[in-house]
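Written below as structure tokens is the structure these notes are about.
Laboratory data are not the source of any read-out in this text; all were calculated from the coordinates shown. Just so we're clear, the structure is a prediction, and the values are computed from it rather than from any experiment. Heads up, the Cβs are rebuilt from the backbone with ideal geometry, glycines too, and the neighbour counts pull from every protein chain shown.
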Amino acid sequence: MAPKQRPMKIEQRSALAAMAQLETRSDEELVAETGQRAAAQAILGARAAERYDSQRAREHFRKAIAASRPQERMQLRRMAEASLAMAERRPDDLKSAMEKLGQQAPTGRQLFMLRLMGLLSPPPGAGTAARLRGVALVLLIVFVLLAVGWGLVSLVALPFGGVGFWGALVLGLLVVIAALGVLSIVGRRRQKRAQAQATEARVQSATK
């Protein structure tokens, strides 16, 4: 008599539990993922939101929710709400969504920067007035920066006999460019830290 085969127990991991293992994969690997499609699409949606691509983030989360189990959909919807609030520069909604996820809300400074970004670079779908306001604010900031650079150069050059208007303006422009370069480097480092914190927050919310 042939030995009786033992029934195999197949354990299907939930999408939320699989997110922690998929976080280290590249976007291309996540797109090709079929075994844990819901988790992969949720991560892609969160990454798109970090790039402020709300349209792509919304599409990824739609696919994630459609591929998930019914008991997981509420948590995924909350993750989608938080990610889309960030992508669409809605600081108040982001704070509320993070609290619903059980995560620490962004600091006041982070919310202020998100609100400022929303003014300077309105999300897709914003009205013409919002876009014109953003352009006007950018031009105003450029004018102020040039004025500050010109003033600094003129002040530093006074002990050496001063410098002409156009010379001070050109040197001031160089000073502003150098300052913006430094700020860009610092901003990228902070963005990497923020993305690492966001990844950790997603893992924590997925394992709850």
What percent do you get for the relative contact order of segment 15-117 when only Cα pairs under 8 Å and 6+ apart count? 21 percent
Given a Förster distance of 45 angstrom, what is the FRET efficiency for E99 paired with L155, based on the Cβ-Cβ distance and rounded to 0.05? 0.45
Which net charge results when you count Lys and Arg as +1 and Asp and Glu as -1 among the other residues whose beta-carbon is under 9 Å from that of A85? -1
Figure the gain on full extension for Q55 and A129 (residue separation times 0.36 nm, minus the Cα-Cα span) and round it to one decimal in nm. 24.5 nm
Pairwise label distance in nanometres, M117 with E29, each label 7 Å out on the Cα-Cβ vector: 2.6 nm
Taking neighbour counts of Cβ atoms within 10 Å as a proxy for exposure, in what order, fewest first, do M98, M79, M113, M74 appear? M74, M113, M98, M79
